[in-house]
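All remarks here apply to the structure that follows.
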Amino acid sequence: MTTRPSFLPLLLALTVWLGVGPRGLFAQGTDLGTIRGTVTDSSGSTIANAQVQITDQGTLAVYPYKTNAHGVYEAPALSAGRYKATITAPGFSTSVIDGIVLTGSDVVSADARLHPSVTVSVQVTAEVGSIDTENSTLSETLSPKRSSTCHATAATSINFYTSTQTSRRATNL
């Protein structure tokens, strides 16, 4: 007597998998979320190639992204937790969006508006003059205006001195 292989267990397994398997797989879902947003300037125009750093505030892991040609960024497959987005672009001030919370497979919007930055640069240069410790003479180079002021002050002092000396002689006579 020859035994024939039984297809019944295989047929049963296939039926169970087709009936429950795919639905069970799709029902599983994911626990990873997404942060996405649009970066614009103060006039509302989008900013392409802006740098976006997403920081997981629980682990301090930093994930770098860039905006596309339409100013949109997307940070997919992030674990549940609290995040911070830091957005920078040349010529604009930095924008920080704090307190982004992902739970499960959320998709959270974190749009940013960047304002033009103002850079102020001040350069101070000074020349150190030499000090002659052997000579106590003080000297200074005067401008023409300052020179005329000094001459007028000196002339007044000389006139005052001369008039004082003349009046002293007159009283001594």
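Here are a few things to note about the model shown:
- Kirkwood-based shape ratio for region 31-114, expressed as Rg/Rh from alpha carbons: 0.96
- With neighbour counts taken as other beta-carbon atoms within 10 Å, the residues Asp41, Asp98 rank, fewest first, as Asp98, Asp41.
- Sequence of Leu60, Leu102 once ranked by neighbouring C-beta atoms within 10 Å, starting from the fewest: Leu60, Leu102
- Near-label residues of region 61-105 by backbone N, under 20 Å of a point 7 Å along Cα→Cβ of Ser42: 87-97
- 20 Å reach of a label modelled at Ala77, 7 Å along Cα-to-Cβ, counting backbone N of region 43-65: 52-65
- In plain terms, the chain from Ser105 to Thr86 could stretch by 4.7 nm, reckoned as 0.36 nm per residue minus the Cα-Cα distance.
- Going from the residue with the fewest nearby Cβ atoms within 10 Å to the one with the most, Lys84, Lys66 rank Lys66, Lys84.
- Dipole of region 31-114 [Lys/Arg +1, Asp/Glu -1 at C-beta], most positive-end residue of Ala50, Thr34, Thr103: Ala50
No lab work stands behind these numbers, since they all come straight from the coordinates. Fair warning: this is a prediction, and the values are worked out from it, not measured in the lab. Ideal geometry is used to build each Cβ from the backbone, glycine not excepted, and the neighbour counts take in all protein chains shown.
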